[in-house]
Amino acid sequence: MASVPASHVYVRHLASFDGSDGVVRMPDPVPADGRTVPGGWWPPLMLDPHWIARHHREFDVFHIHFGFDALDPDTMGDIVHELSLRGKPLIYTVHDLRNPHHRDPDAHDHLLDVLVPAADRLLTLTAGAAAEIERRWNRAATVLPHPHVVERDRITRPRPYSTERVVGLHAKSIRANMDPLPVLEVAARTVAELRGVRLRVDLHDEVFQPDNHWYAPDVGRQLVEYGDRRNVEVRVHPYYSDDQLWDYLSSLTASILPYRFGSHSGWLEACQDLGTAVIAPSCGFYSDQHPCHDFGFDETSFAPETLAQAIRTAVTAAPRRATWPDRVRERRLLARRHREIYERALS
């Protein structure tokens, strides 16, 4: 089984705990420079028609998840052709109908226009995404939930006790789909009116590094200046390790997603594991993935009053949290269903 990329937490958590599903996934080939990104080796070397030609006897099914951002449609067409030539079924899980790293959707759309029609089987994470796939390509996609992101010891660990409620906005490295400043302005004003509520703003330090791809000092400075506001704290730091990220999310009452566009979210899934409420924009399919506190925010519009209300509701609502037994049942279901899909594709 060739899964791209096999090392991503989503893919790893599609497997049964004890290997009883009988699906053996090849390890990701390691690039010569050893480069990694969050979620796997980069670039995924399996996404190459020459790699497929050399290694096609080592796998039965080719399953694409992530990692094809830098490909052009012709190369994707060559990959599809090589798989067909070798008689290898192509499975594609449609995680992103809109790439969160691309301001212009055209490049991703052109790749989807090759990949979606060519796939032998399509999967996606939400009913909303499946409806969009059917509308755009007249293809049916099987809907299967996102598996847990956080491991058992964290999911079963009690949340830290605090009398203070904390709303978090993590601007990360201000990727293309993020527009944190208008969201932050409303959040800061709203929190200032609430007793016992603090707004925490986080930002990766690479936005201030001139040689970094994510260099954005002007936006970074504007975010940092919010630390002068009442009940607002700003922290600039490197990428968190997984443990640091789980500590951070567990410390929040609610996490705001300042996304103008997107589809699904592993961040949202981690919040579900840890019992942190999510304040999600109306774009994409976030509230299909799990119940969220919604606000109106997309590429063309922003309804500030809906964000203010979502914050007020989130900090007073009873928390929702995944349980480990539920996550175990879900993962067993995912392992069984993926095995069935692979078998049907091979038949």
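The values are calculated or read from the model by the stated rules, or taken from the named source; none is laboratory data. Remember, predicted model here, so these are calculated numbers, not experimental data. Every residue, glycine as well, gets a Cβ built from its backbone with ideal geometry; the counts of neighbours run over all protein chains shown.
Considering the range 140-179, and only residues there that are crowded, with 16+ Cβ neighbours inside 10 Å and over 22 Å from the mean Cα position of the chain (by Cα), the residue that is farthest from PHE297 (Cα to Cα) turns out to be ARG165. Condition check: under 26 Å from LEU268 (Cβ atoms) and either in a loop (DSSP other than H, G, I, E, B) or of a type outside the set (A, V, I, L, M, F, W, C) (or both). Does PRO100 satisfy that? Taking the combined requirement at face value, the residue satisfies it. Taking residues in the range 294-321 that are under 19 Å from LEU268 (Cβ atoms), and partners anywhere that are acidic (Asp, Glu) and surrounded by 15 or more Cβ atoms within 10 Å (Cβ to Cβ), the pairs with Cβ atoms closer than 7 Å and at least 6 places apart or on different chains are ALA310/ASP294. Pairing residues of the range 65-90 that are small (Gly, Ala, Ser) with residues that are not in a loop (DSSP other than H, G, I, E, B), at Cβ distances under 7 Å and at least 6 apart in sequence or on separate chains, gives GLY67/VAL4; GLY67/GLY40; GLY77/VAL114.
Of all residues in the range 60-79, those being surrounded by fewer than 19 Cβ atoms within 10 Å (Cβ to Cβ) and farther than 25 Å from PHE285 by Cβ number 6.
Quick one: in the range 120-139, which of the residues that are of a type outside the set (Val, Ile, Thr) and touching a Lys or Arg at 6+ places or on another chain (Cβ under 8 Å) is surrounded by the fewest Cβ atoms within 10 Å (Cβ to Cβ)?
First, the residues of the range 120-139 that are of a type outside the set (Val, Ile, Thr): 120-123, 125, 127-132, 134-139.
Cutting the leftovers down to touching a Lys or Arg at 6+ places or on another chain (Cβ under 8 Å) gives us 121-122.
Values: ARG121: 19, LEU122: 22.
Top of the filtered list is ARG121.
Can you pull out the residues in the range 228-253 that are outside any helix (DSSP H, G or I) and of a type outside the set (S, T, N, Q)? Residues satisfying the conditions are ARG229, ARG230, VAL232, GLU233, VAL234, ARG235, VAL236, HIS237, PRO238, TYR239, TYR240, LEU252.
For the range 129-159, filtering for residues that are touching a Ser or Thr at 6+ places or on another chain (Cβ under 7 Å) and either modelled with pLDDT under 95 or over 17 Å from ASP247 (Cβ atoms) (or both) leaves 5.
Which of the residues that make up the range 4-44 are of a type in the set (Val, Ile, Thr), without any contact (Cβ under 8 Å) to a residue 40 or more places away in the chain and within 20 Å of PHE59 (Cα to Cα)? Give the derivation first.
Initially, the range 4-44 is screened for residues of a type in the set (Val, Ile, Thr), giving 4, 9, 11, 23-24, 30, 36-37.
Those left that are additionally without any contact (Cβ under 8 Å) to a residue 40 or more places away in the chain: 24, 30, 36-37.
Scanning the range 4-44 gives VAL24, VAL30.
Listed by position, the helices (runs of 4 or more DSSP H) enclosed by the range 142-227 that each have at least 2 residues that are closer than 30 Å to TYR92 by Cβ are 152-155. Could you tell me whether any residue of the range 315-330 is in a helix (DSSP H, G or I), modelled with pLDDT of 95 or more and among the small types (Gly, Ala, Ser)? No - not one qualifying residue is present in the range 315-330.
Can you tell me which residues in the range 79-124 are of a type in the set (Lys, Arg) and within 19 Å of the chain's Cα centre (by Cα)? Step through it out loud before you land on a result.
Of the residues in the range 79-124, the ones of a type in the set (Lys, Arg) are 86, 88, 98, 103, 121.
Residues satisfying the conditions are ARG98, ARG103.
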